[in-house]
Amino acid sequence: MNSLPLLKVENLSKRFGGNQAVDQVSFEMPEGIILGLIGPNGSGKTTVLNMLSGILRADDGKIFLEEQEISKLKPSALARLGVMRMFQMTRVFPRISSFDNLLIAGQAVGVSFKESVEIADQLIAELELEPVKFLDAGLLSGGQKKLLEFGMCFMRSPKLALLDEPFAAVHPQMRATMVKFILERHHQGHSFVVVSHDMPIVQQLCTECVCMNAGKVIAQGTTKEVLSNDQVIEAYLGDDHV
Ligand SMILES: Nc1ncnc2c1ncn2[C@@H]1O[C@H](COP(=O)(O)OP(=O)(O)O)[C@@H](O)[C@H]1O
Ligand SMILES: [Mg+2]
C-alpha cells in the first residue's frame, strides 16, 4: 500500500470578479477510493474539478498527485499523468460514430489503433452501446452520450477519474449501467472523484465525502458522518434545487 495520498489539495482558491467561488479548500484522498464531492448548487464543486483537471488555474493553493505538484499543468499534461475529466455538459464529436469517438479518444492518449479497436469493442459491450455503435454520436440520447463519454475517458485506464454529475438527467437504466461500470473499475483499484446530487448513489458508491458550501469545505469524512452532519443538512435544506 502506498501511504502517500493519491490526491492532495491545499488551500485551493478561485475568485471570479467579486465572487469567491472556491475559498481555501483542502482535502486529500487515498488511492483506490471513490470520493464524493457534494454540496448545493453554486458551492464551487465544478470549479474545484476544473482546477484539478487543469482547465482553470487556481489563484492560490496547491494540488499534488502523489508526490508531484500538478497545480500548474495543462489538461493535456494531466491526461498523460492519468487525470481524466468528465464534464457536466457532455462532450462528444457529434458527426462521427460512437465507435470512432472511442478510437479518437484512444489515439489522444497514445493507445495504438489495433489496441484501441479491441478496447473500444469491449467498452461498447460493457456500456451497452451496441445498438448505437455505428450511429453518429450526435444522434445518441443524453444518457447514451454520457455512457460514450465514460468510455472515452477509459480508453486508457485513468489513475484518477473526475466525474461531474454523471447521473444527472440520465435514464435509471443507464444510471445503473454507469454505477456498475464505476464499481467494477473501483474493484480493480481505480480512483474516482464523483460530484453528484443523487444521495442514494453517493451512499452506494462513496465511502468518503467532502461537502462544500459557498466555496468552503464544511465537512469531510466517511459518507455516513458527512451526510448526518448538521451543517451539511442545513446547507442542503437551504437549496431549492436538490
Ligand atoms: N467561469 C465562471 N465565471 C464566473 N463565475 C463563475 C464561473 N464558473 C463558476 N462561477 C461561479 O462560481 C460559483 C461556483 O460555481 P460552480 O463551481 O459551478 O458550482 P457547483 O458546481 O457547485 O454548482 C457560482 O457562484 C458560479 O456562478
Ligand atoms: Mg457544477
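Read-outs throughout are calculated quantities, based only on the coordinates presented, and are distinct from any laboratory measurement. Nothing here was measured: the structure is a model prediction, and the numbers come from that model. Cβ coordinates were reconstructed from backbone atoms using ideal geometry, including for glycine residues, and neighbour counts include every protein chain displayed.
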>> Which lysines, if any, have their Cα less than 21 Å from the Cα of Lys133, not counting same-chain residues under 8 positions apart?
In response: Lys114, Lys145, Lys146, Lys180
>> Compute the angle between helix 113-126 and the longest alpha-carbon principal axis of the chain, please, reported from 0 to 90 degrees and rounded to the nearest 10.
In response: 70 degrees
> Anyone know which of Met212, Met178, Met199 comes out most mobile in the 10 Å Cα GNM of the chain?
Replying inline: Met199
>> Tell me the relative contact order for the chain as a rounded percent, counting alpha carbon contacts under 8 Å between residues six or more apart.
In response: 27 percent
> What fraction of the DSSP beta bridges in the chain is antiparallel, stated in percent and rounded to the nearest 5?
Replying inline: 55 percent
>> Taking amide H atoms as placed 1.01 Å from N in the peptide plane, list the residues 5 or more away in sequence, or in a different chain, whose amide H sits under 5 Å from that of Gly221.
In response: Cys209
> Which net charge results for the neighbourhood of Cys209, defined as the other residues with beta-carbon distances under 11 angstrom from its beta-carbon, given Lys and Arg at +1 and Asp and Glu at -1?
Replying inline: -1
> In straight Cα distance, which lysines are under 23 Å from Lys216, not counting same-chain residues fewer than 8 positions off?
Replying inline: Lys8, Lys14, Lys45, Lys62, Lys72, Lys224
> Mind checking the angle between helix 98-108 and the chain's longest principal axis? C-alpha axes, 0 to 90 degrees, to the nearest 10.
Replying inline: 70 degrees
>> Suppose we take every Cα in the chain and form the convex hull; what volume per residue is that in Å³?
In response: 128 Å³
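Please arrange Ser71, Ser141 by counting, for each residue, the other beta carbons lying within 10 Å of its beta carbon, fewest first. Please list the in-between numbers first.
Values: Ser71 18, Ser141 12.
Neighbour counts put them in this order, fewest first: Ser141, Ser71.
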